[in-house]
Amino acid sequence: MVTASAPGPRDLAEIEELAKTKPADAIARYEQLLAQTAPSGAAALDAEGLQTRETALVKLGELYRDAKAADKLAALVRGAPTYLANTSKAKTAKIIRSLLDIFSEVPDSLPLQVAVCKESIQWATDEKRIFLRQSLETRLAGLYHENKMHADALVLTGQLLKELKRLDDKNVLMEVQLLESKAHHALNALPKSRAALTSARTSANSIYCPPHMQAQLDLQSGILHAEEKDFKTAYSYFYETLESFSTQEDKRAVQALKYMLLCKIMLNLSSDVNAIVNSKIGLRYAGPQVDAMRAIASAHQNRSLLEFEQCWTKYKEEIVNDPIIHRHLTTLYDTLFEQNLLRIIEPFSRVEIAHVAKLVNLPTPTVETKLSQMILDKVFHGILDQGAGCLEVFDESAVDKTYEATLDTIKNMGNVVESLYEKAAQLT
């Protein structure tokens with residue numbers, strides 16, 4: 001039997017009930033329970049007390065997460081090794097990873113997560129817990145990537161890959177290779193990103209790949225195919241990802257749905273977007289992110305720059321905070337802008353810039369800058385008369401082929417002279 005002073009399952013049940021109505025009081029009770037020392041005596045009693053403490057540690061972390069108490073949760077992770085001094089190594093590693101998983105759900109706490117993860121790695125190194133250290137370093141590389149510290153992430157993944165290949169730990173190796181692919185993609189090193197993803201898929205094929213990791217590999221494959229403008233293949237990968245994440249009740253499913261809708265927009269199939277959004281799985285993830293993509297699809301279908309600008313303003317957080325969406329929609333906006341301007345200036349040889357701006361419902365300076373860029377990119381021939389505030393459009397001049405013919409003649413003459421020189425050298 002457990003003595004009155006010893007923390008036990010009954011205490012946990014009481015605190016869990018209290019947490020439903022009074023989270024602050026439950027936090028205080030958990031803190032008090034953890035502060036109690038494990039009762040001395042029989043080994044069975046100690047084991048029960050330790051199990052209670054381990055459960056309390058994770059439950060307290062969840063309450064700190066719900067209260068968004070990042071500093072207290074950081075202190076809890078830092079103190080976890082002390083609380084778990086008498087716990088087995090495997091269980092200690094599992095609890096520390098669970099606490100860091102909980103910490104990752106606290107918003108606006110990335111720098112603190114990085115600091116706490118580094119401290120945990122140092123502790124694991126001092127205690128010579130190699131597998132826990134590798135797991136924590138993999139997590140740190142992921143935090144670096146989320147914190148846009150991609151160069152640091154690549155340095156860490158490089159060190160881990162050397163170590164993991166020697167140990168032949170395919171599970172962690174696959175995860176690190178996927179992180180390496182993401183970091184290279186963020187730095188626009190697409191060939192290296194593709195190579196790392198291929199390595200990750202090779203590792204995944206040689207072992208049992210958990211569904212959540214397979215979904216992440218499919219997601220990264222879709223992103224890289226989208227970068228290559230192969231939106232049809234990318235769509236199929238995103239669809240597989242959505243199905244997998246929705247089965248696992250993973251919140252990243254809405255990200256896959258967004259990318260599916262993006263592919264439809266980029267393929268000029270904006271009319272399909274409403275069908276996907278109104279489907280069973282689309283309605284399941286309805287919200288601002290899906291609404292943003294539907295609004296963009298509508299603007300694209302209407303070829304309306306004004307609607308596009310309004311979407312950008314209204315759903316700024318949903319669009320700008322996702323680098324994949326932001327990059328592709330910026331390209332789409334520029335293409336749509338150019339198409340609209342070319343259509344408007346086509347009948348004119350000279351037109352006021354203000355009139356063009358009025359027709360596209362955009363500010364004159366924005367239109368003037370875009371026209372200047374298009375002239376420099378040789379999209380059309382013309383000049384900007386800024387004094388008069390006009391655009392002069394020239395007919396495309398016929399290409400004079402004399403220069404090309406002259407260069408070809410000179411090249412052929414050079415070949416003849418070289419050939420005669422070689423024959424003369426053979427005769428002598």
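The values are calculated or read from the model by the stated rules, or taken from the named source; none is laboratory data. Here the structure is a predicted model, which means the values were calculated and not measured. Cβ coordinates were reconstructed from backbone atoms using ideal geometry, including for glycine residues, and neighbour counts include every protein chain displayed. Remember, those area values only see protein heavy atoms, side chains included, never the ligands or the DNA or RNA. Shrake-Rupley method; radii C 1.70, N 1.55, O 1.52, S 1.80 Å.
In the stretch 84-242, carbon and sulfur make up what percent of the accessible area (probe 1.4 Å)? Of the solvent-accessible surface of the stretch 84-242, carbon and sulfur hold 52 percent. Seen against the Cα atoms of the chain and their longest principal axis, helix 9-21 is set at about 50 degrees. Simple spin-label estimate for Ala425 and Ser98 gives 8.0 nm between the two label positions (7 Å along the Cα-to-Cβ direction from each Cα).
Sorting the segments 78-84, 211-217 by their residues' average number of neighbouring beta-carbon atoms within 10 angstrom, most packed first, yields 211-217, 78-84.
Once all protein chains are placed together, Ser271 keeps about 70 Å² accessible to a 1.4 angstrom probe. Over all pairs of different C-alpha atoms in the chain, the reciprocal of the mean inverse distance, the Kirkwood hydrodynamic radius, equals 26.8 Å. Taking the charge dipole of the chain about its Cα centre, with +1 at Lys and Arg Cβ atoms and -1 at Asp and Glu Cβ atoms, the residue from Leu63, Ile95, Cys311 reaching farthest to the positive side is Ile95. Note: relative contact order over the chain, using C-alpha pairs below 8 Å and six or more positions apart, is 6 percent.
Per 0.36 nm of contour for each residue apart, how much would the distance between Ala24 and Arg343 grow if the chain were fully extended, relative to their Cα-Cα spacing? Intermediate results must be reported in sequence, preceding the final value.
Details: separation 319, 0.36 × 319 = 114.84 nm, distance 6.32 nm.
Going from the current span to full extension adds 108.5 nm.
In order along the stretch 253-260, phi translates into HN-Hα couplings of 4, 5, 5, 4, 5, 4, 5, 4 Hz, rounded to whole numbers, per the Karplus curve 6.51 cos²θ - 1.76 cosθ + 1.60 with θ = phi - 60° and x for Gly and Pro. Summing Lys and Arg as +1 and Asp and Glu as -1 over all other residues whose Cβ lies under 11 Å from the Cβ of Ser98 gives a net charge of +1.
How big is the dipole moment of the stretch 324-366 about its Cα centre under a simple scheme where the beta carbon of each Lys and Arg is +1, that of each Asp and Glu is -1, and everything else is neutral? Debye, nearest 20, please.
Values: 4 positive and 4 negative charges, 11 e Å.
Dipole size: approximately 60 debye.
Between Lys378 and Thr198, the contour length at 0.36 nm per residue exceeds the alpha carbon distance by 61.0 nm. Cross-link pairs exceeding 27 Å between alpha carbons, from the set Lys20/Lys148; Lys251/Lys316; Lys72/Lys316; Lys20/Lys89; Lys68/Lys170; Lys170/Lys264: Lys20/Lys148; Lys72/Lys316; Lys20/Lys89; Lys68/Lys170; Lys170/Lys264. Taking the C-alpha atoms only, the angle from helix 43-66 to the longest principal axis of the chain is near 40 degrees. In the chain, a dipole from Cβ-located charges (positive for Lys and Arg, negative for Asp and Glu) runs towards its positive end, and of Ala204, Leu242, Ile324 it is Ala204 whose Cα lies farthest in that direction.
What FRET efficiency comes out for Ser206 versus Glu392 if R0 is 56 angstrom and r is the Cβ-Cβ distance? Round to the nearest 0.05.
Details: r = 64 Å, r/R0 = 1.15.
Computed FRET efficiency for Ser206 and Glu392: 0.30.
Counting 0.36 nm for each residue step from Asn361 to Lys72 and taking away their Cα separation leaves a gain of 98.9 nm.
Each Lys or Arg adds one and each Asp or Glu takes one away; over the other residues whose Cβ falls under 14 Å from the Cβ of Gly414, this sums to -2.
The mean accessible area for residues of the stretch 199-315, using a 1.4 Å probe and ignoring ligands and nucleic acids, is 47 Å² per residue.
FRET efficiency for the Ser271 to Glu105 pair, using the beta carbon distance and R₀ = 56 Å, is estimated at 0.90.
Residue ranges 59-67, 188-196 sort as 59-67, 188-196 when ordered by packing (mean number of other C-beta atoms within 10 Å per residue, highest first).
Go ahead and run the numbers for FRET between Lys314 and Glu418, Cβ-Cβ distance against an R0 of 56 Å, rounding to 0.05.
The value I calculate is 0.25.
Which loop trypsin sites (Lys or Arg not before Pro) in the stretch 224-310, with loop taken from DSSP, have no more than 14 other Cβ atoms within 10 angstrom of their Cβ? Qualifying residues, ordered by number: Lys229, Lys251, Arg303.
Evaluated with a Cβ-only charge set (Lys, Arg +1; Asp, Glu -1), the chain carries a dipole of roughly 1020 debye about its Cα centre, given to the nearest 20. For the chain, the longest principal axis of the alpha carbon atoms and the long axis of helix 305-314 meet at an angle near 20°.
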